[in-house]
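Only one structure is covered here, and it is reproduced in the block below.
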Amino acid sequence: MNDVSSINQLVISKFTEIIHANLEQENFGVYELAVTAGMSRSSVNRKLKTCLGKSTSQFIREVRLKRAMELLQSDLATAAEISFKVGFNSPTYFNFCFHQYYGFPPGEVKKRILLDPELTDDLKVSIPDQANDIPTVKASGLTDRTVFSRQNLIEGLTIIGAFLCLTLFWYFLFFRQATMLDVPRLKERDKSLVVLPFKNLSDNPENQYFAYGIMEDIMNQLFKIRELKVVSRTTGDNFRNGTLSASEISHRLGVNFILEGSVQQHDNKVRIIVQLIDGRYDRHVWSEKYDCEIADIFMVQSTIAKQIADELQTVLSTSEIERINKVPTKNMEAYNLYLKGRFNWIRMSEEGLEKCISFFEMALAADPNYALAYSGLADAYYIQTRWGWSSGFKGYLKARECALRALELDNKLGEAHATLGAVLCWNDWNWSEAQKEFNKALEFNPNSAKIHQYFSEYLDIIGNNIEARQQINLSLKLDPASPAAYFLSALYYYHEGKFDESLINFRKVEQLGGDTMAIYWNYFNIFYWKNDASKASEVLQKISSLKPPEEGNSFKVLEVSNYSKINELLKQLIDSELKKTEPAPLFLAKWYAMSGKKTESLKWLGKSLEMHLPGLPGINNDPDFELLRREPRFKEIIKKMGLSEYYNLKVPIKLKAK
C-alpha cells in the first residue's frame, strides 16, 4: 500500500470513527462531520469524492446502514429499535434506505443468513468501531538485546519518517485545510436552480398531475432552504417542451443549476428519476433513481431535497431539516386529491380555481388534519375574491378561516402566513398584523416568489416605495416569467412617477399573456400624464373594442389631437361610467381627481369607503390622487383605513396633463 492510499484510509477511518461516535444523533450530517473533523465542508466532500466517489451525505448514510447490518446480525434488538440506534428518525425510512442499499429489507437479514450461511462473510463490514481499530503505522517490537545493524537503523528511520509525514499531512489536512488546500466554496449567489417540469412516464397520460405534484413538492422542499435560490414553478413551466439545452436555459434564467426528473406510477409503486445539471458547463452533477411504495413518497422527496443541498454544499439548519422531514399527511387518498387540486391551481382561471377548491375540500374530508390542504384552500378563496371571481367578502372570510386552521395544525407554513397577511391587508386593513404575517411567511419560506409579491403589495399601499421595489425585484428573480410580478413592477414604477420604466414593464406583461384590459387601462393613465393625447385616444379605442358583446361599446372615443383637449377623454369615461346601473366608485373617484374635480372625487371616495372596497387603501400611494392630498376629507378617509401613520402629503408625479 503506497503512502497516498495509507493517508486516504486514515482519513476515511477517522470520518467513520466520528460518525460512529454520533450514531444516534439523527441530525448529525455533513456540517457536523466537517466541524468535528476540523475541516471545511468542501474539503470533506472533495476527499470522499476522490477516495470513494461518494457524496458526504451518502457516505454518512452508508456508515449508518453498515452498522445497522452488524446490529441486525447480532440479534440484540428489533429492526425498529436499531433504526433509532443508527440515527434514522423513522423505521419506515430506515427500511426504505436499507432495502435500497442491500437489496432486501432489514427483516430478512437472519432469514438470508440461515438459507445461505456463506452470506455472513459478505454481509459483515470492516468499518472500525473504536479508535483503537484505526490502522496505524508501527515498528516491529524490539527486545533489549536487539542489536541494531545498519539495515535495522535505515528501516527504523524510514518508518519514523513515514509516520512524521503522515502526522504533518494530518495537521495540514485538518487544521490548515481551509487556508492552504481548500477550493473556493460555492457562493450563495451560485446556489441558484430551476426545477423543470417532471415527465410523466406512466402508461396513463392523465397521471401528469401526479408527476407535476411530485415535482412541485420537491421544489417546495427546496424553497425552505435559505441558502438556495430556486426559480418558481411558473417560470420553469415555460421550458416544458425541452427544446433548449441546459446551458441556454441557465443563461436565460440566470441560474447555475437545473433539476430534471421523471415519474412513473403503477398501482402503489412509484419510480422517481432525478438528475442535477450544472447549466454553466452543461455538465451532469448528480443523478439517482428511487423506487418506493407511494406511502414512502414524502421520505423520498425529503431525501432528494437534502441530497441536492449537499451537492451544492449548502448548510442546513436544524429547523430547515425538521421542516423538510415533516410528513404532511399519512392518508395517501388525501395526498392524491391534494395533488389534483394543485394541478388545477396552476391554470389560474375561474374554472380551474373552482375545481381546485373542490379537490382540496375532498382531501380534507379524507384527512381533516391536512394542513397543506387548508393552506391551499385559503389561497384559492383569497385569489377567487381578489380577482373578482366571487362576489362580496365571503371569500376573504373563508380564506382567513382556512389559513388560521392551517397554522393551527402547522404554524411554520409560510404560504398560510402569506395568505393570512394578504387578507389582513385587503379586507381587514390591519396593517401592523399584516406585516407580522408577511415576516413570518418569509422566515419559513424565503424562496417563494408569491410571498415576496404579496408583501410588496402591502409595502406599496403604505407608501414604502423602496422596499416594495426590493420585494418585487426578488419575486421577479425567483419567477422571471410571472405576468403578475411584472404587472406589479410596472404599477410601482407608475407610483414613483417613472412612466417610461412602467411602460416597459407593462409591455413585458403583454408579451407574457397578462390581462390585456388591465394593461390597457394603465397605458391610458401613463399616456394621460405624459400628455400624449393621440396614444391615450388609441388605447381607449382598443379598450372599447375589447369589451365583451354583452357590455356593448358604451362610448365612442373622440379624435383628440392636441393637449388642450385631453381632459375630453376623461369626461367621456366619466359620462360612460355614470350611465351604468352600478358604476364603479373607485374608477370615478380616480378620473374626477385626474381631471381636477375635487368635490366629485371625494364624493365617490366616500362611497368606496362605505362599501369597504378592498382596493381603496391604494389611494394612499397613488399619484392620481395628488390633487386631494391636503383635503381634510381625504385625510379623514385615510385615517378610517388606519393609514394615517403611513400618509405622505406628496407622491411623485413628474409630468402634468394640460
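The values are calculated or read from the model by the stated rules, or taken from the named source; none is laboratory data. For clarity, every value in this text was computed on a predicted model and none was experimentally measured. Neighbour counts are summed over all protein chains in view; Cβ atoms, including those assigned to glycine, are modelled from backbone coordinates with ideal geometry.
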Q) Just for region 346-372: of the residues that are touching a Phe, Trp or Tyr at 6+ places or on another chain (Cβ under 8 Å) and touching a residue at least 40 places away in the same chain (Cβ under 8 Å), which one is farthest from N336 (Cα to Cα)? A) I346
Q. When you scan region 398-467 for helices (runs of 4 or more DSSP H) that lie fully inside it, which ones turn up with 3 or more residues that are aromatic (F, W, Y)?
A. 431-444, 449-461
Q. How many residues, within region 470-491, are within 18 Å of T516 (Cα to Cα) and assigned to a helix (DSSP H, G or I)?
A. 9
(Q) One residue is enough: does region 444-454 have a residue meeting the conditions out of contact with any strand residue (DSSP E or B) (no Cβ under 7 Å at 6 or more places or on another chain) and over 17 Å from V230 (Cβ atoms)? (A) yes
(Q) If I filter region 439-466 down to residues being at pLDDT below 95 and surrounded by fewer than 18 Cβ atoms within 10 Å (Cβ to Cβ), which single residue comes out as nearest to N256 (Cα to Cα)? (A) E443
Q. If you check F98, F84, which single one turns out to be assigned to a helix (DSSP H, G or I), aromatic (F, W, Y), closer than 20 Å to E322 by Cα and within 31 Å of the chain's Cα centre (by Cα)?
A. F84
Q.
Based on this model, can you work out whether E293 counts as at pLDDT 85 or above, of a type outside the set (S, T, N, Q) and farther than 15 Å from F198 by Cβ?
A. yes
(Q) For region 313-349, which positions are within 16 Å of the chain's Cα centre (by Cα) and closer than 22 Å to Q275 by Cα? (A) T314, L316, I321, I324, N325
(Q) Can you find a residue that is hydroxyl-bearing (S, T, Y) and surrounded by fewer than 19 Cβ atoms within 10 Å (Cβ to Cβ) anywhere in region 56-71? (A) no
Q: Scan region 46-72 and report the pairs whose first residue is closer than 14 Å to G87 by Cβ and whose second residue is small (G, A, S) and crowded, with 19+ Cβ neighbours inside 10 Å, with Cβ atoms within less than 6 Å and a gap of 6+ or a chain change.
A: R64/G87
(Q) Out of the residues in region 566-578 meeting the condition of being modelled with pLDDT under 90 and not acidic (D, E), tell me which one is surrounded by the most Cβ atoms within 10 Å (Cβ to Cβ). (A) L569
Q.
Given the condition within 19 Å of the chain's Cα centre (by Cα) and either farther than 21 Å from L337 by Cα or surrounded by fewer than 21 Cβ atoms within 10 Å (Cβ to Cβ) (or both), answer yes or no: does some residue in region 428-438 qualify?
A. yes
Q | Among the residues listed as I277, I272, the single one being modelled with pLDDT of 90 or more and surrounded by 19 or more Cβ atoms within 10 Å (Cβ to Cβ) | A | I272
Q. Just a yes or no: is a residue in region 58-71 closer than 18 Å to V285 by Cβ, modelled with pLDDT of 80 or more and touching a Leu at 6+ places or on another chain (Cβ under 6 Å)?
A. yes
Q.
Given the options K124, K54, name the one that is over 30 Å from S40 (Cα atoms) and modelled with pLDDT under 80.
A. K124
(Q) Scan region 600-608 and tell me whether some residue there is part of a helix (DSSP H, G or I) and either of a type in the set (S, T, N, Q) or within 19 Å of W431 (Cα to Cα) (or both). (A) yes
**Q.** Residues located in region 337-360, provided they are crowded, with 19+ Cβ neighbours inside 10 Å and of a type outside the set (A, V, I, L, M, F, W, C)
**A.** Y338, K340, G341, R342, N344
